[in-house]
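The values are calculated or read from the model by the stated rules, or taken from the named source; none is laboratory data. From a predicted model like this one, the values you see are computed outputs, not experimental measurements. All Cβ positions, even for glycine, are placed from backbone atoms using ideal geometry, and neighbour counts span all protein chains on display.
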Amino acid sequence: MQEEVLVVPTSALSEVASCSGVIEAETRKIIDLVDSSSLFMKRELAEYDESYRQLIPYVVFKSEGQYLLLRRTASQSEKRLHNKYSLGVGGHVNQLDGAVPCWKTFEQGLWREINEEVDADILDIEYLGIINDLSSEVSRVHLGVLYIAEIEFRKLNEPDLFEMKWVPIEELVAYAELMEGWSLLALNKISTI
């Protein structure tokens, strides 16, 4: 069976569709958008259809004033991302997260993604905004919902896929040129808070 992922029509994103960056949008507006306009779509179609955006929860982890920085290894299937640095983790929301396309399904996907990536206690999680990147064909079919989570970290759940280190905010800029696009946008946002 083909994976179906949570999407929203690009036409419903009037406030953010034409801007790149991390865009501040009220949580209530995002919830209403997802509850009123989201649907499931075959991922193989969604990856190439710019009239829809795949909703991706994207979480930056922080602990004791430092941020979790991940470097993707060659063990990952997506070769374009090998050796790139990631400041956050995230992934697609699909029907396994809930049969009905709505905000509750999105939230369940958010928690599933967190639990797949790290073994940690979440002490606090805060919504920061919408990641919208218009710079490439791939990024124009995705829309990130950015969070920062204060955690009590134990371990990565898939250590063969990432190398990791904890880095204070003032040192993260040294990795900027090697970061994935969304990570760079997230870094720009967390540098201002």
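Things worth noting here:
- Residue satisfying all of: in the stretch 1-17; touching a residue at least 40 places away in the same chain (Cβ under 8 Å) and part of a loop (DSSP other than H, G, I, E, B); nearest to TYR127 (Cα to Cα) among these: VAL16
- Looking only at the stretch 146-169, and only at residues there that are at pLDDT below 95 and of a type in the set (D, E, K, R), the one that is nearest to ILE31 (Cα to Cα): GLU158
- SER11 vs. criteria in contact with a Ser or Thr (Cβ under 9 Å, 6 or more places away or on another chain), farther than 19 Å from HIS92 by Cα and polar (S, T, N, Q): yes
- Positions within the stretch 18-66 being of a type in the set (D, E, K, R) and either over 23 Å from SER135 (Cβ atoms) or assigned to a strand (DSSP E or B) (or both), in sequence order: GLU26, ARG28, LYS29, ASP32, ASP35, LYS42, ARG53, LYS62, GLU64
- Summed over the stretch 19-52, residues that are β-branched (Val, Ile, Thr) and either more than 20 Å from GLY91 (Cβ to Cβ) or surrounded by fewer than 17 Cβ atoms within 10 Å (Cβ to Cβ) (or both) total 3.
- Positions within the stretch 18-35 being in contact (Cβ under 8 Å) with a residue 24 or more places away in the chain and farther than 21 Å from ASN188 by Cβ, in sequence order: ILE31, LEU33, VAL34, ASP35
- Considering only residues in the stretch 41-66 that are hydrophobic (A, V, I, L, M, F, W, C) and over 16 Å from the mean Cα position of the chain (by Cα), the one that is nearest to LYS104 (Cα to Cα) turns out to be MET41.
- Among the candidates PHE153, PHE106, PHE162, the residue that is in contact (Cβ under 8 Å) with a residue 12 or more places away in the chain and within 20 Å of LEU6 (Cβ to Cβ) is uniquely PHE106.
- Among the residues examined, VAL16 does not qualify as buried (at least 19 other Cβ atoms within 10 Å of the Cβ), modelled with pLDDT of 95 or more and either under 23 Å from ILE148 (Cβ atoms) or touching a strand residue (DSSP E or B) at 6+ places or on another chain (Cβ under 6 Å) (or both).
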